[in-house]
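Novice: Here it is, the structure in full.
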Amino acid sequence: MTKFLLAVHVLAAIIAIGPVTVAASMFPAAVRQGSAGVHTLHGICRVYAGVGIAVPVFGLVTAQSMHVLGQIWLIVSMALTTVAAGVLMLLVLPGQEVLVAALDDGKEIERRATARLAMYGGMFNLLWATVTVLMIIRPGSTTGA
């Protein structure tokens, strides 16, 4: 059962978080170019952010099954996951909504707004990259991996 849970957790991370990281990275440039694709990129971020809740849910169930809930690498990963979710929900998605609305209203977008959003997207991506590395390396793990 543990292998199944781990497989679902990893697949959920790839399927849900991957599209958000790519779309969030592409969004600021698409806004600067006035691309009609900004609505699609924002939609991808919104939808997959919701689907992404499966990642920590299956991660916790998997960790419980593996009896590693108290290990530091997992605790740090959970904290970083929480921060990444906060960055996405409180900074990236609202920032995208503001820029989409401004584009829809025909307003000019300030370069600072897209740069700020690119920074938030970069923070989100860096947090997920760190979590991924921690999940692979598992410092202090007794599994020897």
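Novice: Inspect segment 104-127 for any residue being touching a residue at least 12 places away in the same chain (Cβ under 8 Å) and touching a His at 6+ places or on another chain (Cβ under 9 Å) and give the result as yes or no.
Specialist: Taking every residue of segment 104-127 in turn, none turns out to be touching a residue at least 12 places away in the same chain (Cβ under 8 Å) and touching a His at 6+ places or on another chain (Cβ under 9 Å).
Novice: Still on this structure, please answer the following. Scan segment 6-41 residue by residue and report those that are farther than 18 Å from GLY95 by Cβ and at pLDDT below 90.
Specialist: Once the filter is applied, which keeps residues that are farther than 18 Å from GLY95 by Cβ and at pLDDT below 90, segment 6-41 yields LEU6, ALA36.
Novice: Given the structure, is VAL100 farther than 18 Å from ILE17 by Cα, in a helix (DSSP H, G or I), open to solvent by less than 50 Å² (accessible area, probe 1.4 Å) and not aromatic (Phe, Trp, Tyr)?
Specialist: Criteria met by VAL100.
Novice: Please go through segment 38-50 and give me each residue that is surrounded by 15 or more Cβ atoms within 10 Å (Cβ to Cβ) and among the hydrophobic types (A, V, I, L, M, F, W, C), ordered by number.
Specialist: VAL38, LEU41, ILE44, CYS45, ALA49
Novice: Moving on to the next point. Would you check if GLY70 is of a type outside the set (A, V, I, L, M) and outside any helix (DSSP H, G or I)?
Specialist: So GLY70 passes the test.
Novice: Continuing with the same structure: Select from segment 77-90 the residues that are open to solvent by less than 60 Å² (accessible area, probe 1.4 Å) and among the hydrophobic types (A, V, I, L, M, F, W, C) and write down the one among them that is nearest to ALA23 (Cα to Cα).
Specialist: Out of the qualifying residues, it is LEU88.
Novice: Okay, moving on. Take the residues of segment 14-37 that are assigned to a loop (DSSP other than H, G, I, E, B) and free of Cβ contacts under 8 Å to residues at least 60 places away in the same chain: which is most open to solvent (accessible area, probe 1.4 Å)?
Specialist: GLN33
Novice: For ALA63, only one of the following conditions fails: (1) in contact (Cβ under 8 Å) with a residue 40 or more places away in the chain; (2) aliphatic (A, V, I, L, M); (3) in a helix (DSSP H, G or I); (4) open to solvent by less than 50 Å² (accessible area, probe 1.4 Å). What is its number?
Specialist: Of (1) in contact (Cβ under 8 Å) with a residue 40 or more places away in the chain; (2) aliphatic (A, V, I, L, M); (3) in a helix (DSSP H, G or I); (4) open to solvent by less than 50 Å² (accessible area, probe 1.4 Å), only one is false for ALA63: (1).
Novice: Is it the case that some residue within segment 123-134 is under 15 Å from VAL20 (Cβ atoms) and either outside any helix (DSSP H, G or I) or open to solvent by 80 Å² or more (accessible area, probe 1.4 Å) (or both)?
Specialist: yes
The values are calculated or read from the model by the stated rules, or taken from the named source; none is laboratory data. Being a predicted model, the structure only gives us computed values, none of them experimental. Here Cβ is always computed from backbone atoms with ideal geometry, including for glycine, and neighbour counts include all displayed protein chains. Side chains included, ligands, DNA and RNA excluded: accessible areas come from the protein's heavy atoms. Shrake-Rupley method; radii C 1.70, N 1.55, O 1.52, S 1.80 Å.
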